Amino acid sequence: MCFSWQKVPCLDMERRYKLPSVFKIKHQLDTREHMDRAVYLYLLYSMWAVTAVQGNCPAGCQCDKLNQVQCRGQNITDVPSSFPHKTNYIYIANTSISILKPGDFDSCATTLKNVNISYSGVTEILDGTFNKTQNLTALSLRGSKLTGLPGKLFWNLKGLQRLLLDRNNITALSQETFQGLSELRSLDLSRNALTTIPESSFDDLVNLEQLSLYQNRIKHLPAKLFYGLRKLQELYLSRNCLSVLPGGIFSQLVALSKLSLFRNCLERLSVGVFGPMPLQELWLYDNRLTHLDDDVFQNLTQLRLLVLSRNQINSTSVHAFRGLTALEELSLHTNRLVSLQEGTFSGLTSLVKVSLQHNRLRSLPGKLLHGLPGLRRLDLHNNSLPNLPQELLASLERADQVLLRQNPWQCDQDIIPLRNWLHRHPSKVQNFIEVVCHSPESLSGTSLADFHRQPAPALQGLGEDIDVIIVALACTLIITILLGIIFFWRKKEKKASKLPDRDSDNPVQME
């Protein structure tokens, strides 16, 4: 034991036996006491804060998370009269609130960042409702029954970044509706009843990145509607009633990477309608396109996916796909194509997958797939192909999957290249056993790979009538021979009747 008057010897003892210093122990005790006191004060403050928040929580709402309020239930008919003054997020859903009005959010207007009022049957929002919530960054009014919006409803929301108005019954927009929303990044107007949109509606949305207008009733788009959206990356226009796209309508969308136009009434795509843009995907299925002009997609040099299926396309110009050097997948299935020209896919060096099923193709040029080193999948099933040329089959050596069933394969001399190719590459053909002969009738249903009959060159093309012709020729030959025999005997008998009677010329016999 060390005493205070033995300070030096005590220190020596501590060093010698490595005993804990008295001063260190005292310091540790003091530190622990301070920590315990700090933890106690923190817990006390937290409990006080939570209690204070819950104490002001409106009826029918939950304020269990600091600064967040959630209100649910059909018994809620009005926005609660007051919220905790530091609330930054309000979520109101599945209520019976029909009108939003000025003053609804006054109790927390300065701290409010996010308001989500969804599926609550709101039919009307009065002008000035959001005048004091100037710090809002996100506002959702989706799934309500709104038919229109006051022209100046969002004017004070200069910092708003996300606005969701989908699943309503909005029929029209004012040119002033989105005025001043220069910080907006995402705008969703899908699943409404819009028929037209004023030309300058989006002029102030200079930072917009995503715009959803799908599933409305839009029949016409102004040519300059999207001119100010130079940062737009995604545009959804599918499920509308568009029959034509004005020239240059997308020319200013220099950042656009995804565009959907499926399920409209488009009948034609004019050259230049797709301006230079880094588009990755273009969805055009379920329209009424009948023809593709030269260079209609030439500006889409970064396009990877082009979907043109389920249209009425009966022909394509030879350079319709020129410029699509990055294209990996092309879908043309379920159209009315009868033929394709040699060079249609020329220059598409990145192409991996081509879908041509459910068309009316009767023939394919031998060099159709030349210059496509990356082609891995070709779908030709359900067409009208009688055979495939040797040159085209040679282009499929690197393919992994080729679909050929449901074609009227004609098992004659011209089918031999395909038969031999099937023998060499059975693993490439999906449903190999279903690739069967359609004609002649005698071979109908026979697996193409099992076809061995090779008609003589002189009889090629005779098809189902060849057996009848052979029988007819045999009968003709037999009849000819019989007639020849009959003619020969009759001639011999006639000659014999003209010779003199040898017995009458004999004098001895006369006597």
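The values are calculated or read from the model by the stated rules, or taken from the named source; none is laboratory data. Computed from a predicted structure; not experimentally measured. Reconstructed Cβ throughout: ideal geometry from the backbone, glycine too, with neighbour counts over all protein chains shown. All accessible areas refer to the heavy atoms of the entire protein, side chains included, with ligands and DNA or RNA removed. Shrake-Rupley method; radii C 1.70, N 1.55, O 1.52, S 1.80 Å.
If you check T87 against the conditions, is it among the β-branched types (V, I, T) and in contact with a helix residue (DSSP H, G or I) (Cβ under 6 Å, 6 or more places away or on another chain)? Answer is yes for this residue.
Within segment 106-119, being of a type outside the set (S, T, N, Q), open to solvent by less than 70 Å² (accessible area, probe 1.4 Å) and at pLDDT below 95 holds for C108, A109. When P373 is tested against the conditions (1) open to solvent by 30 Å² or more (accessible area, probe 1.4 Å); (2) modelled with pLDDT of 95 or more; (3) of a type outside the set (D, E), the lone failure is (2).
How many residues are of a type in the set (S, T, N, Q) and open to solvent by 30 Å² or more (accessible area, probe 1.4 Å) if we restrict to segment 144-203? Number of matching residues: 12.
Among the residues making up segment 264-304, a single one is open to solvent by 30 Å² or more (accessible area, probe 1.4 Å), hydrophobic (A, V, I, L, M, F, W, C) and over 17 Å from R239 (Cα atoms): V271.
Of all residues in segment 232-256, those that are more than 16 Å from Y214 (Cα to Cα) have Cβ atoms under 8 Å from Cβ atoms of residues that are among the polar types (S, T, N, Q) and modelled with pLDDT under 95, 6 or more apart or on another chain, in G247/S270.
Just wondering, is there one or more residues in segment 327-347 that are surrounded by 21 or more Cβ atoms within 10 Å (Cβ to Cβ) and out of contact with any Ser or Thr (no Cβ under 8 Å at 6 or more places or on another chain)? Yes, there is a match, as at least one residue in segment 327-347 is surrounded by 21 or more Cβ atoms within 10 Å (Cβ to Cβ) and out of contact with any Ser or Thr (no Cβ under 8 Å at 6 or more places or on another chain).
Determine whether S317 is touching a Ser or Thr at 6+ places or on another chain (Cβ under 7 Å), closer than 27 Å to K367 by Cα, hydroxyl-bearing (S, T, Y) and at pLDDT 95 or above. For S317, the condition - touching a Ser or Thr at 6+ places or on another chain (Cβ under 7 Å), closer than 27 Å to K367 by Cα, hydroxyl-bearing (S, T, Y) and at pLDDT 95 or above - is not met.
Of all residues in segment 183-206, those that are assigned to a loop (DSSP other than H, G, I, E, B) have Cβ atoms under 6 Å from Cβ atoms of residues that are of a type in the set (V, I, T) and open to solvent by less than 60 Å² (accessible area, probe 1.4 Å), 6 or more apart or on another chain, in N192/I170; L194/I218. Just for segment 45-94: of the residues that are of a type in the set (K, R) and either under 41 Å from the mean Cα position of the chain (by Cα) or at pLDDT 95 or above (or both), which one is farthest from G143 (Cα to Cα)? The residue in question is K65.
Go over the candidates S144, S140 one by one and state the one that is touching a strand residue (DSSP E or B) at 6+ places or on another chain (Cβ under 9 Å), at pLDDT below 95 and more than 23 Å from L221 (Cα to Cα). Only one candidate qualifies: S144. When segment 232-252 is filtered for residues that are farther than 14 Å from N216 by Cα, touching a strand residue (DSSP E or B) at 6+ places or on another chain (Cβ under 8 Å) and open to solvent by 10 Å² or more (accessible area, probe 1.4 Å), the ones remaining, listed by number, are Q233, E234.
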